[in-house]
Amino acid sequence: MTVFAKATAIRFILAGLIAIFVSTSFHSGSCFAESKIAVSDEETFTLPVNGVLWTRDGNLAGQELTWSEALEFLNELNAEKFGGCTAWRLPSSGELTDLLTYLNSGNADEANILAEQDFYWSSSVAPLETGYAVAVNMEDGSVDSNQKEEINYVWPVCGQ
């Protein structure tokens, strides 16, 4: 087996372990059948399960960003006190999964939440691979370990 083949096999195994870890450790398993979104203002909303503030626009940056560009973008939001918040950050992979569950529950229709059907950066760093971070696909909930130089969407959260 070549070095490339071994590295690829290890990456797939790690991605599988991350998916298992995220789905068992972080996902709250909350039922959103009765929950309604708390509208904070025209630019943000609060997810009922955890009280975390989200931007309504899932592509507020207007494009996909690398990991470091995403962190710079969040610093800009904090400097301008976007939505009245100064602690914008990347969501955990579990928070992204909770949001996807909520968006698919049917209760978010009236909230004008805009999501890209693609991968979003999470704050979760891939185990054993510091150059990788976990990304969650907001179309199907799949989880992957992406190089931080790759580009993904950024969905800022503020709180907890």
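The values are calculated or read from the model by the stated rules, or taken from the named source; none is laboratory data. Computed from a prediction, not measured in an experiment: that's the story for all the values here. A quick note on method: Cβ atoms are made from the backbone with ideal geometry, for glycine too, and the neighbour counts reach across all protein chains shown.
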- Query: In region 42-83, what count of residues is obtained for those that are among the β-branched types (Val, Ile, Thr) and under 17 Å from Met138 (Cβ atoms)?
  - Reply: 3
- Message: Within region 85-96, does at least one residue satisfy the condition of being modelled with pLDDT under 85, surrounded by 15 or more Cβ atoms within 10 Å (Cβ to Cβ) and not charged (D, E, K, R)?
- Response: no
- Here the residues within region 72-113 that are over 15 Å from Pro156 (Cβ atoms) and not polar (S, T, N, Q) are Gly94, Asp98, Leu100, Tyr102, Leu103, Gly106, Ala108, Asp109, Glu110, Ala111
- Task: Search region 55-77 for residues being among the polar types (S, T, N, Q) and at pLDDT 95 or above, and hand back the single one that is nearest to the chain's Cα centre (by Cα).
- Result: Asn59
- Limited to region 73-91, what total is found for residues that are closer than 15 Å to Arg56 by Cα, part of a helix (DSSP H, G or I) and of a type in the set (Phe, Trp, Tyr)? 1
- Message: Could you check region 110-130 and list, in sequence order, the residues that are without any contact (Cβ under 8 Å) to a residue 24 or more places away in the chain and either touching a strand residue (DSSP E or B) at 6+ places or on another chain (Cβ under 6 Å) or crowded, with 16+ Cβ neighbours inside 10 Å (or both)?
- Response: Val125
- Message: Considering only residues that are at pLDDT below 95 and within 17 Å of Ser68 (Cβ to Cβ), which ones fall in region 150-159?
- Response: none
- Message: Looking at region 101-160 only, could you name the residues that are hydroxyl-bearing (Ser, Thr, Tyr), part of a strand (DSSP E or B) and over 22 Å from Gly62 (Cβ atoms)?
- Response: Ser124, Tyr132, Ser145
- Message: Take the residues in region 99-149 that are touching a helix residue (DSSP H, G or I) at 6+ places or on another chain (Cβ under 8 Å) and among the charged types (D, E, K, R); name whichever of them is modelled with the lowest pLDDT.
- Response: Glu129
